[in-house]
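Chemist: My questions all concern the structure below.
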Amino acid sequence: FFSSRLLSSMTQPPPPFLCGTLALTIHAACDLPNLDESCFVPCECLQDRTDSYIRVMINDRKGPRTATVQNDLNPQWEERLIVELVGEIQSLELQIKDDNMVSAAGFVASVTLPPELYTSSEKVDKIWLPLALSKWPNGKKDKKRDTAKLCISTRYINAADAVGTACPYTPYPQRSGCAVSLFADAHDSPLPDVDIDAGTYMPGDLWNEVYASLCVAQRFIYITGWSVWTGLKLNRLPEGVEHETLGELLKRKADEGVHVCVMVWNDATSYDFGLGRWSKSDGLMGVRDEETKEYFKDSKVVCEAVPCNSQGFRTNVDGTTSYTARLAGKLGKSANFTHHQKTIMCDEEAPRSDRRKVVAYVGGIDLCGGRYDDHTHPLFDTLGGVHKGDFYQCCIPGVDEAYGPREPWHDLHSKVEGPVARDVVHNFETRWKRQADSDRRDMLHNLAGDDALLSEAEDVVTENTWSVQMFRSIDINSAIQVLDVEKGCETAYIYQIRRAQKFIYVENQYFLGSSTHWAIFDDKKNNIPCKHRIPYELVMKIVSKIRLGERFTVYVTVPMYSEGEAQSAVLQGILYWQSQTVGMMYRLIADALKRFGPADAHPTDYLVFGCPGQRCDQEPPKIPDDVQLSDKQKLLLRTRRHQIYVHSKMAIFDDEYVLIGSANINQRSMDGARDTEIAVGCVEDAYTMATTKGGALPRGHVSGYRRRLWAEHLGCTDPRFDAPHTLECVRHYKKLMAENWEAFVGDTPCRLPHGHLMTYPYTVAADGIITPTVECFPDLEDVKAYVMGTRCPGALDLMTT
């Protein structure tokens, strides 16, 4: 017996390591047992029958499921499921369950698929598989249904077979004939030159360009925003000049006959009853929605403040067992979720034509307070200059704006022209027609009928062209022409991660997800609703390269901690989810290195986390005796340091493709049924991996954008930065970050030696275990702002993930 078992284990093939998608069609089942049969119902026609659905189980973890077929022992689904298969697939099981509303879903039957059904690129059409039946409560099998079977079709789509940069699984196609401009921070300032094949990379100056676009608009201006501050000054230089505010500009353009429509998120916790200062509130998020509505009330600007009534928890998808969290989500839906898109659309003069083109700005920078910054990210120097009247500090409460520090802000944005700009307009129109007041839904500008605008067919770029695709996270409650839930942002990330060959660079405000792979995750006891796949896809890309003996590096830049008070339950919860995510990734990398080598490699040679900070070396100002500052502000004036808040939502793949928009790497942004998001994926046609020779990286504008960001973060350009996938580059990158961290936490205030980017305060062991480099964040030890975070109450799961 033992020798036969040993022989069987020796001859059993290893589980397949996959990276692709299984198109699984569930057709029907027959002869299922009736788990709802009752001996107290004598008449067969009155008997309740099994309410069946099918759950896909991948390595004993929950995958997608079908809809429920009520009261049928021979159910027919004819439903197509998309099953993502990444990593070692040890088992793939289809479980039929009884969706009993009285008790928990009961197990009915199951079948384990043989590997040939989920590894073959050839379609397997309508195969009937015998089902292993459940047992009755008395322990006896249902002998009446020993002929139970399930009919399925399968086809495996290998990610390695993907052709081109166009993502095939989203509603909006990739558009050719586009132009793209990429921006870092709201205002540009000098940095070391970055060379690209076309010459020197020339960065854009975002808010000055936005101001110029709005000023020349003649036909329409559309704006969507999480927050739109009418008092914002886009143009601030030269100092001492009285510049026009955004609100004044939009009113002026509307008075000139331009069709101006503004759609902002209506924060459910804000209100204004018009009875004075005591009858209004800016709400929990301070987005000024009531102020914006009131400002445009009697003007020609059409302003709509709309709540986000996304579906939130979907039990059939999330499978949540936290009734507290589910109830919190139901009661506070419009407060939990936000309209998070940040877009500006307008017309501009078209070259070589007397008609006008459509342009769109898409990215992460809101038109609100505190966003104006450049690569220097000052703490104190500009308080009486460009930041006068626009002081922002959301990390440390009670800071006197006369003395600072302000909260430095790092963010990214883009401008697109050509056919994709019309897609961004279409997104605005579908949202407006769903959520604007019914008497205002027809107040949009008719672009197609405007002879002053180029037609869609004519509005194309013919020189230095880009191909661009728009993606959204949105559901049927927020836009028309959405069938249920659109998860384009997550789909785009996954598709490009799987295509990547050498490296990925990520900047994001949040980094948490793939909770089904966290060490603490348990389907029944701790079902954390943060299951989007991006972190797991990233680490599996690294693992796949380690298995092949190839180099691959993922660089991630995040803020030191999320905006707000780092010791609060919400932020500690977010930090806890982040540490679970990062710990999972390093553990899987360490496991792969142990199995496949190289022996001298460390997990941080493949995955690097950094966070930017700022520190000054000037003497603190003398505070007059009659000025009362908080103890925390006094401490910050002595230590002269602060995190630079990363608000970016961007990823670069192989210096070929940039994905940029409003979507964070968390469940809120990727779910589709929570926050509404938008992004654009851009590739410069002349600079792709296919056009380079010898496997070299492209050196077009995407490469220039990434290397200029690194020049901002690390204070220099370096030939090693041209090849981010190499060990030489990643170790030099880590060295510079480590030296910056040591300067940041040192006792004596001094400027960081290499720009701003520091090693994130995790210490990563060779076995992948992460521990905090410091227990609490610098200057926040007294309030117990733990680096690793702490588990927040279950009622906050929806908000914090």
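The values are calculated or read from the model by the stated rules, or taken from the named source; none is laboratory data. Please read these numbers as outputs of a predicted model, since none were measured by experiment. Using ideal geometry, Cβ is built from the backbone for each residue, glycine included, and neighbour counts are taken over all protein chains shown. What goes into the accessible areas is simple: the full protein's heavy atoms, side chains included, and nothing from ligands, DNA or RNA. Shrake-Rupley method; radii C 1.70, N 1.55, O 1.52, S 1.80 Å.
Chemist: Within the P(r) computed for the stretch 423-509, what percentage of the Cα pairs occupies the region above 23 Å?
Modeler: Working: 1776 of 3741 pairs.
Every Cα pair in the stretch 423-509 considered, those over 23 Å come to 47 percent.
Chemist: Would you mind putting 627-638, 498-509 in packing order, based on average other-beta-carbon counts within 10 Å, highest first?
Modeler: Numbers: 627-638: 14.6, 498-509: 22.1.
The densest-packed peptide leads the list: 498-509, 627-638.
Chemist: Collect residues whose amide H, placed 1.01 Å from N in the peptide plane, falls under 5 Å from the amide H of residue 615; neighbours closer than 5 in sequence don't count.
Modeler: 752
Chemist: Over the stretch 609-672, with a single point scatterer placed on each C-alpha, what log10 of the ratio I(q)/I(0) does the Debye formula yield at q = 0.29 1/Å?
Modeler: Summing over Cα pairs of the stretch 609-672 leads to -1.27.
Chemist: Moving on to the next point. In Å², what does the accessible area per residue of the chain work out to with a 1.4 Å probe? Walk me through the intermediate numbers first.
Modeler: Details: 32830 Å² over 801 residues.
So the chain comes to 41 Å² accessible per residue, rounded to a whole number.
Chemist: Please report the base-10 log of the normalised intensity I(q)/I(0) for the stretch 510-564, using a Debye sum with one equal scatterer per alpha carbon and no solvent, at each q in 0.20, 0.29 (1/Å).
Modeler: Treating every Cα as an identical point scatterer, log10 I(q)/I(0) equals -0.86, -1.08.
Chemist: Using a basic spin-label model with each label point 7 Å from the Cα along Cα→Cβ, how many nm lie between residue 751 and residue 739?
Modeler: Simple spin-label model gives 1.4 nm for this pair.
Chemist: Counting only C-alpha contacts under 8 Å and six or more residues apart, can you give the relative contact order of the chain as a whole percent? If you can, show how the numbers build up before the last one.
Modeler: On the way: 1825 pairs, mean separation 105.8, N = 801.
Once normalised by length, the contact order is 13 percent.
Chemist: Kindly provide the Kirkwood hydrodynamic radius of the stretch 673-723 in Å, to one decimal, from all pairs of distinct alpha carbon atoms.
Modeler: Mean inverse Cα-Cα distance, inverted, gives 13.1 Å.
Chemist: Which FRET efficiency value, to the nearest 0.05, is calculated for residue 548 and residue 732 with the Förster distance at 30 angstrom and r the Cβ-Cβ distance?
Modeler: Result of the calculation: an efficiency of 0.80.
Chemist: Calculate the spin-label point distance for residue 78 paired with residue 446, positioning each point 7 Å from the Cα along the beta-carbon direction, and give it in nanometres.
Modeler: Rounded to a tenth, the inter-label distance reads 4.0 nm.
Chemist: Could I ask something else about it? How do the peptides 387-393, 453-459, 370-376 rank, highest first, by the average count of neighbouring beta carbon atoms within 10 Å per residue?
Modeler: Highest to lowest by the protection proxy: 370-376, 387-393, 453-459.
Chemist: Helix hunt in the chain: which complete DSSP H runs extend at least 15 Å axially by C-alpha with mean Kyte-Doolittle at least 0.5?
Modeler: Both cut-offs are met by 206-216, 534-548.
Chemist: Over all Cα pairs of the stretch 474-526, how is the pair count split among 10 Å bins, expressed in % and running from 0 up to the last occupied bin?
Modeler: 17, 31, 37, 16
Chemist: Further question: If each residue of separation counts as 0.36 nm, what is the full-extension length gain between residue 352 and residue 107 once their alpha-carbon separation is subtracted?
Modeler: Gain on stretching residue 352 to residue 107: 81.4 nm.
Chemist: If you add up the charges near residue 743, with Lys and Arg at +1 and Asp and Glu at -1, over every other residue whose beta carbon is less than 14 angstrom from its beta carbon, what do you get?
Modeler: It works out to a net charge of +1.
Chemist: Please report, in debye to the nearest 20, how large the charge dipole of the stretch 670-789 is about its Cα centre when each Lys and Arg carries +1 at its beta carbon and each Asp and Glu carries -1 there. Can you show the working numbers first?
Modeler: Working: 12 positive and 17 negative charges, 126 e Å.
The dipole of the stretch 670-789 has a size of about 600 debye.
Chemist: Could you state the per residue volume, in Å³, of the convex hull enclosing the Cα atoms of the stretch 698-744?
Modeler: Convex hull volume per residue, Cα atoms: 65 Å³.
Chemist: Then there is this: Between residue 70 and residue 30, what length comes free when the chain is fully extended (0.36 nm per residue of separation minus the Cα-Cα distance, one decimal in nm)?
Modeler: Once the chain is fully extended between residue 70 and residue 30, it gains 13.0 nm.
Chemist: Which whole-Hz couplings ³J(HN,Hα) result when phi for each residue of the stretch 59-76 is put into the Karplus expression 6.51 cos²θ - 1.76 cosθ + 1.60, θ = phi - 60°, listed in order with x for Gly and Pro?
Modeler: Per-residue couplings from phi come out as 6, 6, 10, 5, x, x, 9, 8, 6, 8, 9, 7, 6, 8, 8, 10, x, 10 Hz.
Chemist: Separate question: Rg over Rh of the stretch 414-567, using C-alpha atoms and the Kirkwood radius, what does it come to?
Modeler: Radius of gyration over Kirkwood radius for the stretch 414-567 works out to 1.06.
Chemist: May I pose another question? How much length is gained on full extension from residue 693 to residue 481, taking 0.36 nm per residue of separation minus their Cα-Cα distance?
Modeler: Values: separation 212, 0.36 × 212 = 76.32 nm, distance 4.30 nm.
72.0 nm is the gain from fully extending residue 693 to residue 481.
Chemist: Right, next: Could you give the C-alpha radius of gyration of the chain expressed as a fraction of 2.2 N^0.38 Å, taking N as the number of residues it contains?
Modeler: Dividing the Cα radius of gyration by 2.2 N^0.38 Å gives 1.00.
Chemist: Still on this model: Along the Cα-to-Cβ line of residue 208, 7 Å from the Cα, sits a label point; which residues in the stretch 163-184 have backbone N less than 17 Å from it?
Modeler: It comes to 181-184, nothing else.
Chemist: How do the peptides 747-756, 257-266 rank, highest first, by the average count of neighbouring beta carbon atoms within 10 Å per residue?
Modeler: With the highest mean Cβ count within 10 Å placed first, the list reads 257-266, 747-756.
Chemist: Next up: From the residues 392, 172, 302, which one has its Cα farthest along the dipole of the chain in the positive direction, the dipole being from +1 and -1 charges on Cβ of Lys/Arg and Asp/Glu about the Cα centre?
Modeler: Most positive-ward Cα: 172.
Chemist: Under a point-charge model restricted to the Cβ atoms of Lys and Arg (+1) and Asp and Glu (-1), what is the dipole moment magnitude of the chain relative to its Cα centre, in debye to the nearest 20? It would help to have the intermediate numbers written out before the result.
Modeler: On the way: 88 positive and 109 negative charges, 509 e Å.
Result for the chain is approximately 2440 debye, rounded to the nearest 20.
Chemist: Take the alpha carbon atoms of the stretch 334-415, find their radius of gyration, then divide it by 2.2 N^0.38 Å using N residues; give the quotient. Display every interim value, and only then the final one.
Modeler: On the way: Rg = 17.4 Å, N = 82, 2.2 N^0.38 = 11.7 Å.
In units of the 2.2 N^0.38 Å rule of thumb, it is 1.48.
Chemist: Run the accessible area of the chain with a 1.4 Å probe and give the carbon-and-sulfur part as a rounded percent. Kindly include the intermediate steps, with their values, before the conclusion.
Modeler: Numbers: 16750 of 32830 Å².
Reported share for carbon and sulfur atoms: 51 percent.
Chemist: In addition: Mind pulling up the Rg/Rh value for the stretch 152-285? Radius of gyration and Kirkwood radius, both on Cα.
Modeler: So for the stretch 152-285, dividing Rg by the Kirkwood Rh gives 1.10.
Chemist: Only sites in a loop by DSSP and with at most 15 other Cβ atoms within 10 Å count here; which GluC sites (Glu not before Pro) in the stretch 340-415 make the cut? Walk me through the numbers on the way to the answer.
Modeler: Values: sites: 348, 349, 401; in loops: 401.
Here the sparse-neighbourhood loop sites are 401.
Chemist: Quick one, what does Rg over Rh come out to for the stretch 681-801 if you take C-alpha atoms and the Kirkwood Rh?
Modeler: 1.08
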